[in-house]
1. Based on what the data block shows, is Val17 under 11 Å from Gly63 (Cβ atoms) and touching a Ser or Thr at 6+ places or on another chain (Cβ under 9 Å)?
2. Quick one: count up the residues across the stretch 5-54 that are among the hydroxyl-bearing types (Ser, Thr, Tyr), within 9 Å of the chain's Cα centre (by Cα) and in a loop (DSSP other than H, G, I, E, B).
3. Take the stretch 31-44 and flag every residue that is under 14 Å from Tyr7 (Cβ atoms) and either modelled with pLDDT of 95 or more or surrounded by fewer than 17 Cβ atoms within 10 Å (Cβ to Cβ) (or both).
4. Quick check on my filter: what residues within the stretch 52-75 are in contact with a His (Cβ under 9 Å, 6 or more places away or on another chain) and at pLDDT below 90?
5. If I ask for residues that are touching a residue at least 12 places away in the same chain (Cβ under 8 Å), out of contact with any strand residue (DSSP E or B) (no Cβ under 6 Å at 6 or more places or on another chain) and farther than 22 Å from Val68 by Cβ, which ones from the stretch 12-49 would you list?
6. Answer yes or no as to whether Val17 is of a type in the set (A, V, I, L, M), exposed (fewer than 13 other Cβ atoms within 10 Å of the Cβ) and at pLDDT 90 or above.
7. How about the stretch 29-48: which of its residues are within 18 Å of Ala59 (Cβ to Cβ) and of a type outside the set (Val, Ile, Thr)?
8. State the number of residues belonging to the stretch 15-29 that are touching a Pro at 6+ places or on another chain (Cβ under 6 Å) and not polar (S, T, N, Q).
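The values are calculated or read from the model by the stated rules, or taken from the named source; none is laboratory data. These numbers come from a predicted model, not from an experiment. FYI the Cβ positions are ideal-geometry reconstructions off the backbone, even for glycines, and counts take in every protein chain you see.
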Amino acid sequence: MPTGEVYVHPDASSSVVPHLKAHLPHASVELYVTEVPPAPDSIILATFPPSESPPESRAWAIGVIGLVDVLETGF
């Protein structure tokens, strides 16, 4: 399967959260992890640019990555 581009969303509260809320209750876990990241320096990633809405014609995804502990990274 070909992979697309992944973008960092520095202000996920405005670029990701509204789109996740539109998919509740199915996106409740993703919404929670985006609003309450696992670590203070977590990075929110998505398969659409922060300045655009997610595509309606294909699937899109988000991910949260952060250093949880000295020897552990959460995604």
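1. Working: under 11 Å from Gly63 (Cβ atoms): no; touching a Ser or Thr at 6+ places or on another chain (Cβ under 9 Å): yes.
Against the criterion (under 11 Å from Gly63 (Cβ atoms) and touching a Ser or Thr at 6+ places or on another chain (Cβ under 9 Å)), Val17 does not qualify.
2. Let us first name the residues in the stretch 5-54 that are among the hydroxyl-bearing types (Ser, Thr, Tyr), namely 7, 13-15, 28, 32, 34, 42, 47, 51, 53.
Of the ones still in play, those that are also within 9 Å of the chain's Cα centre (by Cα) are 34, 47.
Next cut, in a loop (DSSP other than H, G, I, E, B) only: 47.
The total comes to 1.
3. Correct list: Ile43 only.
4. To start, the set of residues in the stretch 52-75 that are in contact with a His (Cβ under 9 Å, 6 or more places away or on another chain) comprises 53-54, 60, 62.
Of everything in the stretch 52-75, nothing turns out to be in contact with a His (Cβ under 9 Å, 6 or more places away or on another chain) and at pLDDT below 90.
5. Scanning the stretch 12-49 gives Ser15, His19, Thr47, Phe48.
6. The answer is no for Val17.
7. Within the stretch 29-48, Glu30, Leu31, Leu45, Ala46, Phe48 meet the criteria.
8. At the first step, the residues of the stretch 15-29 found to be touching a Pro at 6+ places or on another chain (Cβ under 6 Å) are 15, 19.
Remaining after also requiring not polar (S, T, N, Q): 19.
Residues meeting the conditions: 1.
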